[in-house]
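What follows is calculated from the coordinates using simple rules that are stated; it is not laboratory data. Small disclaimer: the values here were computed from a predicted structure and weren't measured. Cβ: placed from backbone, ideal geometry, glycine included. Neighbour counts: every protein chain shown.
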Amino acid sequence: MNPATTSIMRFDHRTSLRIETACEFSAVRTATAKVRDWLAQKGLSEAELDDWAIVLVEAANNAVKYAGHEAHELPVVIEIFWGEREIEAQITDHTSGFDWPEVVGLPNLESENGRGLFLIKSLTDSAAYLRHCDHNVLVLRRRTRPVAGEAQVMDAAQLQCRLANAEATLSEMTAELGSSYESLVAMFRYSSELGARLDVKDFSQRLLRDLMQIAEADWAVLRLASPDGKILETLLALPDTGRSLLPPLALASGNTSVEIDAVRNRQDIWFDSAAPLAQGDPLSVFNNSLGGLMPPGIGICHAFHVADQLVGTATLGRLTANRPFIAAQVNLLHTFIDFLAIQIVNSRLLDERTATQVIQHELHIAANIQRSLLPETIPACLPFTLTAACQSASQVGGDFYDIIPAGDGAWLLVIADVMGKGVPAALFAAVLRSTIRSMPQLFDQPGELLAAANRTLFPDLTKVDMFVTAQVAYLNPQQHKLISANAGHCPLLLWRADQPQTVALSESGFPLGIEPLSRYAQIETALPPGAAALLYTDGLSESRNGAGAMLGERGMLQILAETAAQTHDAAAGKFFLLGHLAAYCGQSPLADDQTLILIRHNS
């Protein structure tokens, strides 16, 4: 950047000097010398000029000394507001800032810090250090002193001039008080609305209109960042006649504009006749559509953030360059936009909360659907006893089981695992249950039953790219046998007292929804007295202990063998089996749904 950019502005009966200089010691010393020369033209005494020179040099040097690496790329800004009775200086730095001490005393002779603050405090009437998220402003005020020996006798013309100045000052103070009153009323009104569920665009439009009126702006543009933070989209343009001239701005593009610069630099960007808007800048096109000149008048663009996340940009402009915005109006812009940012973020949080509540409601419905699929009671099937368990890892899972009367005292046992979770899984579980229950003529032929169910469900499962693993078993208590078929599911485990090892019946076909014409083999198994059979989902075999080791099929075989050897009916066997499973997992959270049906032929 250039070593220094200087602008002199006149408004009402005061004069302002603004110097934007590089964050370097030599550059700020040159800038403070310019300020001294400018104040000398106002008739200040040598003593006052020396005092101001010391104060500004100390303040500007601190702005350079404590600037971080990235802050050295940003300018140091010195603004002087001169009036007949008082001079105000504002020095803007981009350091990490500090807390201004309540008492500024003379430091010890050995101390290397604190002398600058002592000089600044001693040579000014008031000092305030205002900290912001991306910059800080040191505000210094000092009353002007009459030059020694100055004649105090004034002629009529001088008195008349003084009287006119006093009237102008009173008029200005009255206007400022009126503006302050309007500002306070608006602030109280907007603060009372914070947290309420309001239409963001309506709230923004009211706030922007009030801000334009109080800050005496001719036009305003408000843009909001897209959810991904890559685009600035126009929410409001006042007057609205030129809104179509403000297309979305892509922040990642190579294009430049005042709004993009404000976002990238994280500081206010001014534009005026000395630093005009580029001809292709959307704000320039918008300004010209309102009758402004090229280059346009004057304006300021402010990018605003919440928790370091970009929310948007707000720009105020005037069509002519002879009425610059004063510091109070810029502060007002920051304050009003802070209210707007809070309301926007609050509205987004409320929308997210509403969406979460909708999802929770849907999950509650899905959980009710899932619970409705499970049998209310476990039937008697002498000489066998049956028991079942179903535990979801989340509010809604994809597992379900069913026990359906199959005639002549027989029962059809169904266990399934729908791919996925939530409402879709629960709905397909319900559809599968209804499909199977609609074909009682095939209950004693589990292989044919699975093939028919697959043909029915295949079109719908394919549309949503889902599938279902299932196992169906026909339990015939009169013949003491079990006929089963498997569609990509965990194998049925069988324990018999007359066999040395627990076995897994692993013959399986495709899951439902993979191939439209899949065939499924049937396995017929004898269940003599004392035998135990287990149908289960992979949530059991894929359980992990604290070290991350998986239980696996071999672990399930061992647990079933211990369960059958130490219990004599299905109910006691279920608690024994689940207890062993819980002991294996320890404190590890449930990673998947766990469902089982245990069959025991009582001795």
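Can you sort 381, 133 by how many other beta carbons sit within 10 Å, fewest first?
With the fewest neighbours first, 381, 133 line up as 133, 381.
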Three-way shape call for the range 374-601 based on the alpha-carbon gyration tensor, with the a/c threshold at 1.5:
oblate
Residue 102 to residue 133: FRET efficiency via 1/(1 + (r/R0)^6), r the Cβ-Cβ distance, R0 22 Å, to the nearest 0.05?
0.40
On a full-extension model of 0.36 nm per residue, what is the gain between residue 24 and residue 256, subtracting their alpha-carbon distance, rounded to one decimal in nm?
80.9 nm
Could you calculate the contour length gain from residue 519 to residue 322, that is, 0.36 nm times the residue separation minus the distance between their Cα atoms, to one decimal place in nm?
62.2 nm
Order of 69, 480 - criterion: other Cβ atoms within 10 Å of each residue's Cβ, fewest first
69, 480
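Given 0.36 nm per residue, what is the gain on full extension from residue 463 to residue 582 after removing their alpha carbon distance, in nm? Intermediate values should be presented prior to the final figure.
Working: separation 119, 0.36 × 119 = 42.84 nm, distance 3.81 nm.
Value of the extension gain: 39.0 nm.
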So what's the gap between the Cα centers of the range 17-61 and the range 260-332, to the nearest angstrom?
28
Can you spot the lysines whose alpha carbon is less than 21 Å from residue 463's alpha carbon? Ignore those fewer than 8 places along the same chain.
421
Whole-angstrom gap from the range 554-592 to the range 411-440, using each part's C-alpha centre:
25
Amide N proximity, the range 347-388 versus residue 568 label position 7 Å along Cα-to-Cβ, cut-off under 19 Å:
381-387
Report the label-to-label distance for residue 526 and residue 408 in nanometres (one decimal), using points 7 Å from each Cα along the Cα→Cβ vector.
1.9
Residue 42-residue 243 FRET efficiency (beta carbon distance; Förster radius 56 Å; 0.05 resolution)
0.80
Students often check this: by mean Cβ neighbours within 10 Å, which of 371-377, 404-410, 121-127 ranks highest, and how do the rest follow?
121-127, 404-410, 371-377
Which of 236, 494 comes first, and how do the rest follow, when ranked by fewest Cβ neighbours within 10 Å?
236, 494
